[in-house]
1. Would you grab the residues whose amide H sits under 5 Å from the one on B:R217? Only those 5+ places off in sequence or on another chain, please, with H modelled 1.01 Å from N.
2. Could you check the spin-label model distance between A:T36 and B:T372? Points 7 Å from the Cα along Cα→Cβ, value in nm.
3. When the accessible area of segment A:32-94 is computed with all protein chains present and a 1.4 Å probe, what percentage of it is carbon and sulfur?
4. Which trypsin sites (Lys or Arg not before Pro) does segment B:54-144 hold that lie in a coil by DSSP with at most 11 other beta carbons within 10 Å?
5. Tell me, what HN-Hα J-couplings in whole Hz come from the Karplus equation 6.51 cos²θ - 1.76 cosθ + 1.60 at θ = phi - 60° for each residue of segment B:290-307, using x for Gly and Pro?
6. Can you tell me which of B:D355, B:D127, B:D212 moves the most in a GNM of chain B? Springs connect C-alpha atoms under 10 Å apart.
7. Do the sum for chain B: with -39,500 (n - 2.57) for every DSSP H run of n ≥ 4, divided by all residues, what is the mean residue ellipticity at 222 nm, to the nearest 500 deg cm²/dmol?
8. What residue among B:D203, B:D358, B:D260 shows peak mean-square fluctuation when chain B is described by a Gaussian network model with Cα springs under 10 Å?
Amino acid sequence: MSFSYTWIEAVAAASVSVVTAFTGIAWWNAPQMSTTFETVLVSPGAFDFEPTGEFVANGAEIDPGDRPVVFRRPIEIMKFQVTLGDYQRCVSAGQCEAPNTRYADTEAPVVGISYLDAEAYADWYSDLTGEGWRLPAPEEWAFVAAERFAGEVFTRGQDPSNPAIAWIRRYEEQILLDREPDPVIHPAGHFGPNSNGVADLGGNVWEWTSGCYTRIEQDSDGNSVGAPYQNCGIRIAEGVHRAYMSNFIRNGKSGGCAVGTPPDHLGFRLVKDAGFASGLARLGQTVTKYLSH
Amino acid sequence: MFTRRQALMTAGVASVAAAVASIPAAAAAKEAVAPADISRLPRQKVTLVAPPYVHAHDQVAKGGPKVVEFTMKIEEKPVVIDEEGTTLQAMTFNGSIPGPLMVVHEDDYVELTLINPESNSMPHNIDFHASTGGLGGGALTLINPGEQTKLRFKATRAGTFVYHCAPGGPMIPWHVVSGMSGAIMVLPREGLKDEKGEPVRYDKVVYIGENDFYIPRDEDGNFKSYDSPAESYADTVEVMRGLVPTHVVFNGAKGALTGDNALKAKVGETVLIVHSQANRDTRPHLIGGHGDHVWELGKFDNPPAKDLETWFIRGGSAGAATYTFLQPGIYAYVNHNLIEAVELGATAHFVVEGDWNDDLMMQVQAPSPIATN
């Protein structure tokens, strides 16, 4: 979690590290649940992660390179993406807006979901269960996704004397991805589990993370200059490639001057913070929301 | 549903054939150029290529008028028109939407062999806006599946002109919005000229045909697919009558001119962009560029407009614009009804390589925090 920029994520991470021992122990009376999720507990570990966000030096974007990230405690994450059936319960409860979608397979992942929708669902489901459910941070998603993680698939470096070179190169890299859009909604599990046993990562449904857009200025020695710029109106969705999207967008689309490969669909899955930690994290979330309103 | 229609068509063909038989005598009496003279003209056979490419041609005519021979085969076939796999029961000239761009010079004779293979299900014809009389040739070219015909017309006016299928009555708009249109460019013999009479030359030419499609939806709002054009007809007409297209695309499909298929140019190159729309108004715009010389109406005897930001192509016409690329990068060429460009598909990309010109543009300050002093 070394590259989380919001203090709330730091709180969540800290709390995960404190109370793993309580995992699975209901130490207060959970309310009647209408939905339960199969989760996967991903063991602690370390990996190299190229930080999200833009890194700029001398007015041009640079490649920040990989940095080590350590998870000292397990990550408990939904095995499957939240399905339409799951999501509809939140809609019925009046706590979620209807998704922007036209299919009706309740066993398939819900798509047409904005970041705000996903966050509303996490809040509703946490309230329903008394547990701490939230969107994963990009680092968590990458760690869980393991060999299915793609992240920043496009070269980030730029020639300061000719911005068009990087622009054209990225355009060509997108073509080289050679990925046909896959608009068909498949049932949960269609893309199979990864090495951690988590299903459908890197399929045709991109997943919202809690990551915000950031921009960091660096000097020639790679040290940060000034405070990082952060915009949480833009959130990070992970999948076949990383997508920065406005938090209210339900369908990524390309066209006009937006030269980019859009996600086929936007959906999500949640991670669960254990016991005491979740209480702390939810308190933090409440405070954050209060402060941001 | 075509039985009665076909009967009418067949009757029509018979009477047209009778009319054709009488034409040579009348023409010989009135015209200085009789068929005997045309028969002595040099002939050139051109193999058409699918858009956005254009067959090789001279910008300035060499020698005198000639007879330019073309062959086009009409193909009815399903065509995927967007990334969701929506299928149009398409009708095409030579297998492409739009049909190929034909290039001749003023006073040349266009001689087209039009083939309607047995495998097709409907009669078709061709109406050339560049031609004179005979419903633009439509009256002389109506052919049933399993037939071919040959039409000759004189290219008397210089410009870009639409051609399209016009088999009569309600078949006309339906065939056009099913893909049956293209364009011909009749160049002045001495080549293109600007408003002062100075030559305008291009390094390459691209042909962009814009189409509006009207795909019916099922009760769930999903696009329907059909097994044949005939089965799609009734539903399609209903959507057409609402005048709200479901797709507005360049070269037959959303994304037909982006990504792998993006157009390419270099800084310093001059590109002539021919743009046709056989049915509906459009307004081309090159994002980050301009129209250096624009024949908005497409007719080269009129001086070109200069330095345009957006130009207007009337439904049922073709226009032409030159642009010399001055800066590298990705350019989006769009219908600047941006809803049609982004939501409905009317976007093409140019990938332009070359050196960046800081004099024309530079990022003086990269995005950074707002200054607080």
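1. B:K224
2. Using points 7 Å along Cα→Cβ, the separation is 5.1 nm.
3. 43
4. B:K62
5. Rounded to whole hertz, the list is 9, x, 5, 10, 10, 9, 4, 7, x, 10, 6, 6, 9, x, x, 6, 10, 6.
6. Checking each option, the largest mean-square fluctuation is seen for B:D355.
7. Helices in chain B give a 222 nm mean residue ellipticity of -4500 deg cm²/dmol.
8. Answer for the Gaussian network model of chain B: B:D358.
The values are calculated or read from the model by the stated rules, or taken from the named source; none is laboratory data. Since the structure is predicted, the reported quantities are computational estimates derived from the model, not experimental observations. As a convention, Cβ positions derive from the backbone with ideal geometry for all residues, glycine included, and neighbour counts pool all protein chains shown. Only protein heavy atoms, including side chains, enter the accessible area calculation; ligands, DNA and RNA are left aside. Shrake-Rupley method; radii C 1.70, N 1.55, O 1.52, S 1.80 Å.
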